[in-house]
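S.K.: Following this message is one structure expressed as structure tokens.
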Amino acid sequence: MADLFASQDDAAGASDTAPLADQLRPRTLADVVGQEHLTGPDGAIGRMVAAGRLSSIIFWGPPGTGKTTISRLLADAVGMRFEPISAVFSGVADLKKVFAAAKEHARHGQKTLLFVDEIHRFNRAQQDSFLPFVENGTVTLVGATTENPSFELNAALLSRAQVLILRRLDAAALEQLLDRAEGLMGRPLPLDPAAREALLASADGDGRFLLNQVETLYAIDIPAPLDPAGLSALLHRRVAVYDKDREGHYNLISALHKSLRGSDPQAALYYLARMLTAGEEPLYVLRRLVRFATEDIGLADPQAVVQCLAAKDAYDFLGSPEGELAIVQACLYCATAPKSNAAYMAMKASFRSARETGSLMPPMNIVNAPTKLMKQVGYGKNYQYDHDAAEGFSGANYWPEEMEAQTFYAPTNRGFEARVAERMAYWDRLRSERDAG
């Protein structure tokens, strides 16, 4: 199983011809970088090791942050047998063999730490197969996943395991890896300070990717230190982690929506760019902008939804990459527009009222009478045509007789909606005057 780090024995045996990542594998949990919130004395892992007992764990974090590493070192730290499998390559038959071997070792007093890489790839039935062996202590399960466990793992399995979140490696942690690499190689990287920063940024928190990039730099004869442009020409930047149907997708669209709602055009543009540069479907983003325009702007600026639909037409007409500018324009319009969710709240309240009141008949004066019989029984009787009334407003009652008049829509005093509020107040005043008269 490919891994950035391994156990102490593996590290001791790493040869000079092994990949750089293999040669730099930590020998103890203290050597793991970037996860001190877990591995430190007060962290969950630190406390487990100090107690000499492990509970089942699900490690959740981005690629290249040390999930496999920590699992191997945990087994070493508490004297457990380490049994790794990958959910990509293993099935029920493989699991049965693992559990049988764990039972046999348990008879001889040897406990097993079963490490399952990409555990989210096991289906629900396969995940359920772990339960009795975790429950009776045959194995201590340590699973690794890049996906949100609450979405991908069975509730029964989650209830028997502690979810620990590994963080993407920050600049300080990645710098430690660079220092270790330079120490092992005995010479500095052929980079100027700006290129060194660019190299750290290119890793996007992935230690394994960083060390692979470093190995490439050391393998090439570079006569003079590279600047950022030279580094970019030589190496590829890591593609951002983004699964269009998984948590990263929902996190970023939520961040975009809330930045728009908070009237922060700079942050909104950032999250929009994150999604589009990672390969998100532009029409999906446009659909979300249209939704935002109706939910969070509404009549405070009726042009917002027009701008979003125009951006959709412009993108359809221009295609990519020119059409992205229209999406940016719609995003900026929404971020800087006055905000109101009054229409959204009115929709929810009116729908709820409609469900609760069932099939109440509208008042007879406002229903049509297309037949003679309907006229005879009172359909449309005494209807007041508003255009014939003073000021174009009759003030008639439009609610079912069995129902009091309701207020669903309460416009704000922001943007165009302030004018709407004035009109509604004017009509309310006229209605009150006519009711009193």
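The values are calculated or read from the model by the stated rules, or taken from the named source; none is laboratory data. Predicted model, so just to flag it, every value in this text is computed and none were measured. Glycine gets a Cβ as well: all are built from the backbone with ideal geometry, and neighbour counts include every protein chain shown. SASA here: full protein model, heavy atoms, side chains in, ligands and nucleic acids out. Shrake-Rupley method; radii C 1.70, N 1.55, O 1.52, S 1.80 Å.
S.K.: In whole angstrom, note down how far apart the Cα centers of the range 275-324 and the range 168-182 are.
M.R.: Value for the Cα centre distance between the two parts: 40 Å.
S.K.: What list of ³J(HN,Hα) values in whole Hz, one per residue of the range 18-31 in order, does the Karplus curve 6.51 cos²θ - 1.76 cosθ + 1.60 (θ = phi - 60°) give from phi, with Gly and Pro shown as x?
M.R.: Result, rounded to whole Hz: 5, x, 4, 4, 5, 5, 9, 4, x, 9, 9, 4, 5, 7.
S.K.: Here's another thing I want to ask about it. So what is Rg over Rh here for the chain, counting just Cα atoms and using Kirkwood for Rh?
M.R.: Numbers: Rg = 32.1 Å, Rh = 27.5 Å.
Rg divided by Rh gives 1.17.
S.K.: Moving on. In bins 10 Å wide, starting from 0, what share of all Cα pairs of the range 391-436 does each bin hold, as a percent?
M.R.: 23, 46, 29, 3
S.K.: Return the carbon/sulfur percentage of the accessible area of the chain, one whole number, probe 1.4 Å, all protein chains in place. Write down the numbers at each step before the final one.
M.R.: On the way: 12470 of 23430 Å².
Whole-percent figure for carbon plus sulfur exposure: 53.
S.K.: With no solvent and one point per C-alpha, what does the Debye sum give as log10 I(q)/I(0) for the range 172-302 at q = 0.09, 0.16 Å⁻¹?
M.R.: So the normalised log intensities are -0.41, -0.84.
S.K.: Summing +1 for each Lys or Arg and -1 for each Asp or Glu, what net charge is found among the other residues whose Cβ lies under 13 Å from the Cβ of Ala326? Write down the numbers at each step before the final one.
M.R.: Numbers: positive: Lys312; negative: Asp313, Asp316, Glu322, Glu324.
The answer is -3.
S.K.: Explain nothing, just compute: Karplus ³J(HN,Hα) = 6.51 cos²θ - 1.76 cosθ + 1.60, θ = phi - 60°, for every residue of the range 346-352 in order, whole Hz, x for Gly and Pro.
M.R.: Working through the residues one at a time gives 5, 4, 4, 5, 5, 5, 5 Hz.
S.K.: A further question on this structure: If we restrict to alpha carbons, what Rg and Dmax does the range 248-354 come to, in Å?
M.R.: 13.8, 46
S.K.: What is the gain in length, in nm to one decimal, between Tyr398 and Ser263 on full extension, counting 0.36 nm per residue of separation less the C-alpha to C-alpha distance?
M.R.: On the way: separation 135, 0.36 × 135 = 48.60 nm, distance 3.81 nm.
The Tyr398-Ser263 span can extend by a further 44.8 nm.
S.K.: Now for a different question. For the range 131-195, just the Cα atoms, rotate onto the principal axes and tell me the three extents in Å, largest first.
M.R.: 55, 25, 13
S.K.: Under a Cβ-only charge scheme (Lys and Arg +1, Asp and Glu -1), can you give me the dipole magnitude of the chain about the Cα centre, in debye to the nearest 20?
M.R.: Numbers: 45 positive and 54 negative charges, 261 e Å.
In total the dipole reaches around 1260 debye.
S.K.: In addition: Looking at the square roots a ≥ b ≥ c of the eigenvalues of the Cα gyration tensor of the range 26-151, which shape do they give, rounded for a/c under 1.5, prolate if a/b is larger than b/c, or oblate?
M.R.: Oblate is the answer for the range 26-151, as a/c is 1.5 or above yet b/c matches or exceeds a/b.
S.K.: A further question follows. Could you tell me which residue out of Ser56, Ile222, Ala300 lies farthest along the dipole of the chain toward its positive end? Charges go on the beta carbon: Lys and Arg +1, Asp and Glu -1, centred on the Cα centre.
M.R.: Ranked along the dipole, the leading option is Ser56.
S.K.: Just to confirm, what accessible area per residue do you get for the chain at 1.4 Å probe, in whole Å²? Mind dumping the intermediate values first?
M.R.: On the way: 23430 Å² over 437 residues.
Result: 54 Å² per residue.
S.K.: In degrees from 0 to 90, rounded to the nearest 10, what is the angle of the helix 303-318 Cα long axis to the longest principal axis of the chain?
M.R.: 60 degrees
S.K.: Can you classify the range 305-407 as rounded, prolate or oblate using the Cα gyration tensor, where a ≥ b ≥ c are the square roots of its eigenvalues, rounded means a/c under 1.5, and otherwise it's prolate if a/b beats b/c and oblate if not? List each step's numbers first, then the result.
M.R.: Values: a/c = 2.84, a/b = 2.44, b/c = 1.16.
Prolate shape, in that a/c is at least 1.5 and a/b is the bigger ratio.
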